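What follows is calculated from the coordinates using simple rules that are stated; it is not laboratory data. This is a predicted model, so every value here is computed, not measured. Positions of Cβ are generated from backbone atoms using ideal geometry, with glycine treated the same way; all protein chains shown enter the neighbour counts.
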Amino acid sequence: MSRTTCGRAHIDLQCLHMSKQKSKKAVSARTKARAKVSATTQEYDGVFLLKIVFYLILGSLWLKLSSGNNTMPIPVGLIIGILFAFHDHFQIDRKIEYAVLLVAMLIGYFAPFGLYISVGQ
């Protein structure tokens, strides 16, 4: 067997040393890649708070159509908020986003603000 290749009978020290160097380089490259991914996906607290306030305001918007004594409320803000939460690039926990939207929807239903459209009469 040749001593320049890593044979079964004779292990060349230089070949063993080279394989250790390659494995160390591969491990360090993987570690750097993981650190880069975790750094890019981590958000600041201000961004988190801004998103929560955005979903709170958006979820409270209703479109109330009225014709005479009949009113038909439509949760427009909830629908748009769900679309934003679904396509959000930097996602906070979607369960939190949906919970904030639902609470804001209930508050917006009973609060006297929103868009009122009178049809007829």
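Electrostatic bookkeeping for Leu83 treats Lys and Arg as +1 and Asp and Glu as -1; over the other residues with beta carbon under 15 Å from its beta carbon, the sum is 0. Semi-axes of the equivalent ellipsoid for the stretch 45-118, computed as √(5λ) from the eigenvalues of its C-alpha gyration tensor and ordered from largest down, come to 27, 11, 9 Å.
Between the listed residues Leu56, Ile107, Leu83, the Cα displaced farthest toward the positive end of the dipole of the stretch 45-118, a dipole computed from Cβ unit charges relative to the Cα centre, is found at Ile107. Considering only the other residues whose Cβ falls under 11 Å of the Cβ of Leu58, what net charge follows from Lys and Arg at +1 and Asp and Glu at -1? Overall, the nearby charge balance is 0. Magnitude of the charge dipole for the stretch 45-118, about its Cα centre and with charges confined to Cβ atoms of Lys, Arg (+1) and Asp, Glu (-1), is about 180 debye.
Take the Cβ-Cβ distance between Val103 and Leu63 as r, set R0 to 25 Å, and report the resulting FRET efficiency rounded to the nearest 0.05.
Working: r = 19 Å, r/R0 = 0.76.
Computed FRET efficiency for Val103 and Leu63 comes out at 0.85.
Take each peptide in 44-55, 99-110, count the other Cβ atoms within 10 Å of every residue, and average; sorted highest first, the result is 99-110, 44-55.
For the pair Tyr44 and Ile74, what calculated FRET efficiency results from E = 1/(1 + (r/R0)^6), where r is the Cβ-Cβ distance and R0 = 25 Å, to the nearest 0.05? Kindly include the intermediate steps, with their values, before the conclusion.
Values: r = 35 Å, r/R0 = 1.38.
Once rounded, the FRET efficiency stands at 0.15.
Packing here is the average count of other Cβ atoms within 10 Å per residue, and on that basis the peptides 66-72, 81-87, highest first, run 81-87, 66-72.
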